[in-house]
Structures are given as C-alpha cells and as structure tokens.
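These notes concern the structure reproduced below.
We did not get these values from a lab; they are worked out from the coordinates using the rules stated. Predicted model, so just to flag it, every value in this text is computed and none were measured. Cβ sites come from the backbone with ideal geometry, for glycine too, and all protein chains shown count toward neighbours.
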Amino acid sequence: MTSSAASQSVTHSTDGKQPETAIVVGTGIVGIACAHYLSQAGLRVTVIDQGKIAGACSHANCGYVCPSHVLPLTEPGAIGMALRSLLNPRAPFRVKPRFSPTLWNWMWQFARRCNHRQMLTAGTALQAILDASIDEYRKLIPELSLDCEWEENGLLYVLQTERGMEHFAETDRLLTEHFGVSATRIDGDGLPDFDPALKPGLAGAFHYPGDASVRPDRLNSQWTARLAERGVQFVEDCELTGVRKSSGDITALQTSQGDMKADRFVLATGAWSSHWSAAFECRLPVQPGKGYSVTMPRVEPSPRYPMLLPEHKVGVSPFANGFRLGSMMEFSGFDTTIPEHRIQQLRDSARPYLAAPVDGPAEETWYGWRPMTWDSLPIIGRLPKLANAFVAAGHNMLGLSLAPVTGRLIAELVTGQTPHLDVAPYSVGRF
Ligand SMILES: Cc1cc2nc3c(=O)[nH]c(=O)nc-3n(C[C@H](O)[C@H](O)[C@H](O)COP(=O)(O)OP(=O)(O)OC[C@H]3O[C@@H](n4cnc5c(N)ncnc54)[C@H](O)[C@@H]3O)c2cc1C
C-alpha cells in the first residue's frame, strides 16, 4: 500500500484550472477522511506521514462517534479543576507545571472562554458538525463495506453516587433544553438488567441513544485499504520538513523523501500542527492533550454499551474480542512516557463499576496526543495567505467523531464548491 516519494507522479496544474492533485500531510483519521472525499471528488491524492499510517492519536482512542458530546471542554468550572491539578499528579485533567509561554497563553485563552455563554456558542458550532459527521459515517460505512465494529448502541453515562446523578441530571437538562439531545434515565436498580456488566449498587445512568461506536484501528486499516484500492497513495516515514512558496501559493512540500508537488495541500498534522504556523503564515494554536488507554481481552460479563464514568472520568469501550479503558487529559508537552500508575489509575477507576475483572493482562497500553484548541473547535478551512493550502486540524477530543464531515468540507473547499455547512466557526482566521 505504501510507496516512496520518488515514485509519486503528482503534478502542479496551471492557475485557474480545477485542481487535479492533492497532498494531505498526516494519516490520522482526519487525514484519511480528507483523502477519501478528495479522491471521491476526482483528485489524485497522496497522503504522507512522518510515521506509520494512523499510528498516532487515531490508533487506540475510545472509538465513540458521539453527537451527545456537544458541550465543549471550555465550561464554567474547568479552570478551578485545572488549577487544583497543578498540585495533584494523579488528577485526570492535569497541567504539568513548566516554563512555556505558548502553553500559558493557550491556558489564558482557554480560561477566558470558560463561561456559560461561550460554552453554548461553542456547543452550537460543535453540534452542527457532530450531527453531520455521524450521517456521513452512516453512508460511507455500508458504501465501502468497512468491517470496523460499527454499532449504534448509544452511549451510557454511569454514575456511582446519588450526588453524581443529581449533578449529571443538570448537564442532561442543559443538553435537552439547549441542544435537543435527550437521554433515557435509568435507576440504579434497573442498571444490571440494562447492562449485566455493571455491578449492583450503582446510583444510575443516562443513556444517549443517538451515539455510535467503532473499533478505531479497524476503521483506520479498512478505510486506508479501500482508498489504496481506489488509487490513493500512502507514503509512510515521510516527514514534512519545509514548504516552498511563490506568489501566495505553495509550490512544493519539502519532505524527508524529497520535494513533492501538487495543486493543493492539506495540513492534517493533529497535535503537531502548531509547528507549522510560521511556514503556513497563520496561527495554529494547538497543544497536545495527552490521554492513555489500556486494551484487554474480552471479559465476562462483557459490557454491552460504550460507557463513560463521569465521576472518575474514564471511558469503557466494548469490542468484539476485548474491551478498552481510556481517559486522562495531560498538558505535559510532547511527553512520550506511559507511567504505570496512569494505567493502574484507569483500572482502579473502572473497578467500582464493572462486574468483570479489570486487572487482566494488557494487550496494549497506549498514549495519544489530542490536538487541543483553546476554544474546543476544530480548524477547518483555507489558509488566509496561501491560496492553495488548507488546514484540517485541532479536533480536540472528537477527531474520530468529526473526521468525515471535516473531509467532506475540505474537499468542497478545495474544489471550489459551496460547503454544505457554514465553515466560519472553524476558520483559521479566527485566531
Ligand atoms: C484516550 C483518548 C480517547 C479518545 N477517544 C475518542 C473518542 O472516543 N471519540 C473521538 O471522536 N475522539 C476521541 N479521541 C480524540 C481523537 O483520538 C483525536 O481527536 C483524533 O485522533 C485526531 O486525529 P488527527 O488525524 O487530527 O491526529 P493524529 O491521529 O494524531 O494524526 C496526525 C498525523 O500527522 C502526522 N504528522 C505530524 N507532523 C507531521 C510531519 N511534519 N510530517 C508528516 N506527518 C506528520 C503524525 O505522525 C500523525 O500520524 C480520543 C483521544 C484519546 C487520547
């Protein structure tokens, strides 16, 4: 499926003509989706990655495609949580104290948005693309016969305490009143019938029936295989190192495998995107928000529903042959370690809820750097100063959910069509 840059036949078309070729930088789920819709629009597409295909944040996340997640991270109370975390290395949301003016500016911009009004504004912008994106998945998964454990079982928010239930009921009310996203409330007594993997004695749960889930690594591998069959070229171990420009256009990408030319260029570099602000002549304020997961073999009773445990901030993802626990949000730069205590914390957090053992052997322990923007919205659009370059980055905690709509919007912008959604809230120019 992969080839070297030397064998690429991408060409630069003359001005004013419809683009014929595109290069996408980054083979995460967002880059894959961009390649899909660009190829569907008739372009010859090459996708490059500094590492392996979908080897970064898109590999072992929780797999939720979750239109119920309309509330951004910028909510009232988030700053207090961040400040408390400075003193607590075990906090799920943690900012590691260090000297970094970029990080502290990011935090300041984030803090300014942690109020009710901006939470609702960001939520409205998120809802438009979350709803559109799940619709795209519903079309493309059968169309491409993607065997990726797509399930539409909704998402279950499970609460351990009555206080937790009351608190979450307020969130649920907000979701219903402002966004029309409603859950079914399940009392503690009924929970073990609803999902026998849950222990008796829990306070209750809220079930959002409109959410779906996949096994992320299967989605990535199946989707890239279909695209390769269609002629999309994937080039692994090919790092973008620089950009050649002339008269407001990019003329070529400099890469570790030589220069690569095309008519259009899409930056889908996830958490690394801010590195390219200067070269792409724009502001891409993306910070890595590190999370962890541990994947274990199937247990009995196996969870039926994908779950979130808000009081412990952990996700539980059931797969055909196993299950995954995932969580944490660390602002600790590009730190590549997987501390054992963080994996243990995932297991400890799930133990009070799950009837099955959570201490089984790990098939995989993993970290991923979420591409975090300070307003919780992705960056999707044309670059203001480079006419033939586009950005698809900053998808925060929702890159899997938002990938298809992002790819479709990018293809519409690249080919000069009117986007099917208003792209203003996601524009590069907002920073
Ligand atoms: C624990 C955890 C659970 C999560 N659960 C969910 C979930 O349930 N649902 C959901 O929607 N989202 C979830 N997310 C978030 C989701 O994983 C991310 O938003 C998404 O993977 C981002 O995709 P991406 O393609 O933008 O980035 P990535 O997958 O990180 O891809 C970016 C790619 O760009 C490449 N790249 C960077 N720089 C260069 C360069 N100079 N040259 C060439 N290539 C380059 C990288 O190698 C990488 O492969 C979760 C994240 C974590 C950490």
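Using the number of other C-beta atoms within 10 angstrom as an exposure proxy, rank His59, His420, His69 with the fewest first.
So the ranking, lowest neighbour count to highest, is His420, His59, His69.
To the nearest 20 debye, what charge dipole does the chain have about its Cα centre, counting +1 at the Cβ of each Lys and Arg and -1 at the Cβ of each Asp and Glu?
For this selection, approximately 1160 debye.
Given that compact globular proteins tend to follow 2.2 N^0.38 Å, what is the ratio of the alpha-carbon Rg of the stretch 292-366 to that value?
Its radius of gyration relative to the 2.2 N^0.38 Å reference: 1.06.
Filter the GluC sites (Glu not before Pro) in the stretch 91-161 down to the DSSP loop ones having no more than 13 other Cβ atoms within 10 Å, then list what survives.
Glu152
Indicate, rounded to the nearest 5 percent, the antiparallel portion of the DSSP beta bridges found entirely in the chain.
That works out to approximately 70 percent antiparallel.
Looking at the square roots a ≥ b ≥ c of the eigenvalues of the Cα gyration tensor of the stretch 99-138, which shape do they give, rounded for a/c under 1.5, prolate if a/b is larger than b/c, or oblate?
Oblate is the answer for the stretch 99-138, as a/c is 1.5 or above yet b/c matches or exceeds a/b.
Could you bin all the Cα-Cα distances of the stretch 66-189 into 5 Å bins starting at 0 and give me the percent of pairs in each, rounded to whole numbers?
Bin by bin from 0 Å, the calculated values are 2, 9, 13, 16, 17, 15, 13, 10, 4, 1, 0.
How far, in degrees from 0 to 90, does helix 399-414 lean away from the longest principal axis of the Cα atoms of the chain, to the nearest 10?
The two axes meet at around 20 degrees.
How large is the Kirkwood hydrodynamic radius of the chain, in angstrom, based on all distinct alpha carbon pairs?
It works out to 22.1 Å.
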